[in-house]
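Here the structure comes first, spelled out in C-alpha cells, and everything after it is commentary.
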Amino acid sequence: MAIDFELSEGSKLAQAHYHDIALKQMRPISRKYDLREHDLPVEWVDYWWNEGRFGTKGRSEKLTEGFITICLQAEELCWGDAGLYLRMPTPALGGSAVSSAGTKEQKQRFMSKFREEGGHPIWGAMAITEPQAGSDAAAIETTADFDPDTEEWILNGTKIFCTAGEGASTADGGFVVVWATIDKSAGRGGIKSFVVMANTPGMELIGCEKKLGIRASDTATLRFDNCRVPKENLLGSAEVRKKDPTKTGDKGFKGAMATFDASRPIVAAMATGVGRAALDFLKEELENQGVAIRYDAPPRELTAIERDVIEMEAELQAARLLTWRAAWMMNTGKRNNLEASMAKAKAGLAVTKITQKAVQILGPVGYSKKLLVEKWMRDAKINDIYEGTQQINQLIVARRILDYPSAMLR
Amino acid sequence: MIDFEPDEEQALIIETVHQFAENEIRPVARETDETGIPPAGVVEAAHELGLVANALPEAQGGGGARSAVTGALIAEELAWGDLAIALSILSPALLGFPVADFGNDAQKNELLPGLMDSAFVPGSLAIVEPRFDFDVYRPETTATRDGDEFVLQGRKCQVPWLDGGTHLVVIANERPSTASSSGPPASGHLAAFVVPRDAAGLLAEPELLMGLGGLPTVELAFERVRVPASSRLDAGDDDLRRLIDRGRVALAAAGVGTARAAYEVSREYAKVRETFGQPIATRQAIAFKLADMAIEIDGARLLVWEAAAALDRGEDASRLARLAWDQVTRIALQVADGAVQVFGGHGYIRDYLPELHLRNVAGFSSFEALALV
C-alpha cells in the first residue's frame, strides 16, 4: 500500500457516468421540483428505476473502489441536485441499517426487490428523530412491545424528519427502519430497530415538511398506532443490555449507530457535490467575465474574489479528501467512527460557507431564482444538520480524541 | 487507487523520525528558541539518520530515493518536535536538491558529497526579500550577465545560516546584459545561482525574527557580487516555479507538524487542568475547539499529501501546492492560537510550548523555501 490520490479507472468511469446523469437528467428539472415541493419528480424517479440504478451494470466490479466509488456517485449526483438524489428509489439509509445490523436472511428479504428488474419504484428509509428527540437518539419515546401470542412487535409513537419517508411508507415493497425502545428503563440498551414494510396497518403518513431546501426530498412525519411487525423484522437481538451497549457485542444500538459510520462519509460526499456545484458555477462565471484565478500571485496582489475562491477550493478539497479517507477506511475494514464524523463535520460546514459566499460574490444574480446558486445555498445547509449536526459530530470527534466515554462529555 | 496508507518504508521512516523528534528534539525545543543556538548534538544525530542523504542522487553517494510524499512525512514529524530544529536538520536539502535537480556534473560532484559526509554541513537558499511587496516570482535581486560572469545585486532575508555552511543557492531575476540594467525588471525571469558564502561583496547580517529562534538566519546584501557564469544552475522559469512549489509543500508539511504539536499539548493540558472540579476538556467550549483543531489538521495534511503526490508523478502541482500552502497557513495559525487559548494565562507564559508554536506558525505567511521536498 502506498499513498495515492489517483482514482482507479473504474472510479473515473463511474464519475464520468454519474456526472453525465447529473447534467442531463437532474439539472434540467432541478428548479421545477424546487418550486413544486411535494410533487413526485416522476421523470427522475422513473429514469432511476428503469435505467439509472443499472448504470454501472456490466462494468468490472474490480475496477471500482467500493465506498470511494459510492462517494463519487453521491458527489456527482448531488452536484446535479441534492433533493432529487434523496428522492431516488433506493434502499438509502434503511438499506444501510439492514446492511450493518441485519442477518443474511434479512438482507435478502428486504433488499432483493431493489435489485430486481421491472416492478415499480420503491424506497427505503430510516426513522429515528422524534418531536422531542433528535440528536439525543437514546431519548426516543417510540415503544415496541412484544405480543407473545402472535410473536409480533407492536410499535407506538411518532417519527419526524424521515427522509424518503413518503415513498418508503406508501410504495409496496419498500420499508422504513424504525427505532424504538423495548425497555425505557434500559436507556440506550433498550433501543432496537425494526423493519416496517410499506403500507403495514398502523403506520400512517401524516405529511411532509416544508423546508428551506432539498425540496424535492420527501421529509415525512409517520405515526405508529399499534403497528404490528413480525418478530423476524427486528434487526439485531431482542436482548436488553443494561451495560453500555456500545461496549458490548450487541448489534442493536451499536449496529444502528454503526450505520452512521457508513452513511456520514456519503453525506459528506453529497455535501461536497452541492458545494462544488456552486464553486464550479462561480468560477465559470468569473471566467466569462475575464477574471482568472491566479494561483501563483503573491497574496497581497490577489483580489478579494481570488482570495475567496482559493480558500473555497482548499476548503472543498479538504472536505473531499477527509471524506475519501473515511470511505477508504470502510473499504479496508478499519474502524472509521472518528474519521466519518470528521469528514461530515468538515464537509457540512465547508459547503454551507462556500455556497453562502457564492451567493454573496454573485450579488443580485446569485440571489435570483433565475439561476440555481440560491438553491444550492439552501440545499447545502441541510448537510450541516442532518446525519448528526455539526455539534454532534464535533462531540463524537472530541470524545474520540480525548478518549472520553459519553458520560464525561455531553 | 485512492490510498491513505504510507508504504512500509515510509511507515518505518515516520516511526524513526517521530521517536527522534520526541526523544531528542522536543526536550531541547524551548531552550534552543531561548538561546538561539542550534543544539549541535541533536542536529548531528539527526544527520546520521540520513534523511536528506537518502534523497540525494546515487551517483554522488546518496540513496536516490527522492519522494515529495516521503519528504512531507519527514518534515511533519520533525516539525512536530520543533520547527526551527526541523529546518536546521533539513537545511542540507536547500543546497542539495537544487544542485541535484539542475546542477551539472561538476557542481554535483563538488557540492553533494560534502552534504553526505559524516559531519553535518548545512545548506542554504536565499529567496525571500525584505520588502512589504515581495513577490517570489519577481525578485528584485538581479543577476546581470557581464562577460563570463554574473553580477548579483540586491537584498535577501530569512536565509538559514547555520555554522559550517560553504555555499548557498540564490534565486534572482536574470537580465541579459549590463546595457539594459535600469530600474526594477518588469517581468520575472527567474534564475538560480550557486554562490560561495565568502564571495566578495556578500554581506550577512544576523536577523531576529518573531519565531524560529533556534534557526540562525541572516539578511544578505549582494553588493555587486561576481560569480562565474557556470554557477548559474540549468533551471528555467518553470523549473524554479516548481522549486517554489516544492518549498511550499515542504513548509506546509512542517506547518501541519507544528500545528499538530500545538494541538496535542493543549489536548493533554485540557485533560488535567480543572475548573469547578472537572477537567476543562469536559467542557464543550474547550472540547469542540480541540475537535475542530483535529479536523483541520487532518484536512490540511491530506491537501499536503495530494500536492506532494502530484509532484512525485511529475505533474504541474502549483495549484495544489497553493491550496495546501494557503490552507496550512490559515489553519496552523488558528490551531496554535487555539492552543494558547486552551492554556489560558499559562499559554502566554514561555514555560509552555503553545506561545512558541504561535510565534513559529505566524511566519508561514512570509516563509518560502525554508525547506524543500
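Please treat every number below as a calculation from the coordinates, not as lab data. Treat the numbers as computed from the prediction; the structure is a model and nothing was measured. Using ideal geometry, Cβ is built from the backbone for each residue, glycine included, and neighbour counts are taken over all protein chains shown.
What you get for the protein assembly as shown, charging only the Cβ of Lys and Arg (+1) and of Asp and Glu (-1), is a dipole of about 2360 debye around the Cα centre. For the protein assembly as shown, the residue among B:M210, B:Y352, A:L93 whose Cα projects farthest onto the positive side of the dipole built from Cβ charges is A:L93. Against chain A, whose longest principal axis is taken from its Cα atoms, helix A:67-86 shows a tilt of about 80°. Note on chain A: antiparallel DSSP beta bridges, both residues inside, total approximately 85 percent of the bridges counted. To the nearest ten degrees, helix A:9-21 and the longest principal axis of the Cα atoms of chain A are 90 degrees apart.
Alpha-carbon geometry of chain A: the Rg and the Dmax are 21.5, 78 Å, given in that order.
Structure note, pairs A:K104/A:K344; A:K357/B:K289; A:K104/A:K381; A:K12/A:K357; A:K192/A:K375; A:K184/A:K334: Cα-Cα distances above 26 angstrom occur for A:K104/A:K344; A:K104/A:K381; A:K12/A:K357; A:K192/A:K375; A:K184/A:K334. Packing here is the average count of other Cβ atoms within 10 Å per residue, and on that basis the peptides B:153-160, B:77-84, highest first, run B:77-84, B:153-160.
Listing B:S231, B:S365 from fewest to most neighbouring C-beta atoms within 10 Å gives B:S365, B:S231. A helix-only calculation puts the protein assembly as shown at -16000 deg cm²/dmol for mean residue ellipticity at 222 nm, using -39500 (n - 2.57) for each DSSP H run of at least four residues, averaged over all residues. Over segment B:237-365, the pair-distance histogram of Cα-Cα distances with 10 Å bins from zero comes to 14, 39, 26, 14, 5, 1, 0 percent, rounded to whole numbers.
Using only the alpha-carbon atoms, how far is helix A:304-332 inclined from the longest principal axis of chain A? Give it as 0 to 90 degrees, nearest 10. So the inclination is approximately 40 degrees.
Remark: spin-label model distance B:E140-B:N104 equals 3.3 nm, labels positioned 7 Å along the Cα→Cβ axis. Taken one residue at a time, the phi angles of segment A:134-151 give Karplus couplings (6.51, -1.76, 1.60, θ = phi - 60°) of x, 4, 8, 5, 6, 8, 5, 10, 4, 10, 10, 10, 8, 9, x, 5, 9, 6 Hz. Gly and Pro are set to x.
With a cut-off of 18 Å on the backbone N, the residues of segment B:145-164 near the modelled label site 7 Å out from B:E205 along Cα-Cβ are B:153-161.
Rounded to the nearest 20, the Cβ-based charge dipole of segment B:126-231 about its Cα centre (Lys and Arg +1, Asp and Glu -1) stands at 180 debye.
The residue among A:Q391, A:G275, A:H120 whose Cα reaches farthest toward the positive pole of the charge dipole of chain A, with charges on the beta-carbon of Lys, Arg, Asp and Glu, is A:Q391.
Relative to the Cα centre, the charge distribution of segment A:342-410, modelled as +1 at Lys and Arg Cβ and -1 at Asp and Glu Cβ, gives a dipole magnitude of about 140 debye. Here the Karplus curve 6.51 cos²θ - 1.76 cosθ + 1.60, taken at θ = phi - 60°, turns the phi angles of segment B:151-164 into couplings of 10, 9, 9, x, 10, 10, 9, 6, 9, x, 8, 7, 4, x Hz, with x standing for Gly and Pro. Put simply, the protein assembly as shown fits an ellipsoid with semi-axes of 55, 29, 22 Å; these come from the alpha carbon gyration tensor as the roots of five times its eigenvalues, largest first. Checking the a/c ratio against 1.5 first, then a/b against b/c, what shape does the Cα gyration tensor give for segment B:126-231? Oblate is the answer for segment B:126-231, as a/c is 1.5 or above yet b/c matches or exceeds a/b.
Dipole orientation for chain A: of the candidates A:F54, A:L402, A:A144, A:L402 has the Cα lying most toward the positive pole (charges on Cβ; Lys, Arg +1; Asp, Glu -1). Counting only aspartates and glutamates at least 8 places from A:K24 when in the same chain, those with an alpha carbon closer than 16 Å to its own are A:E43, A:D46, A:E51, A:E75, A:E76, A:D81. Working from label points 7 Å from Cα in the Cα-to-Cβ sense, the A:V42 to B:E22 distance is 6.5 nm.
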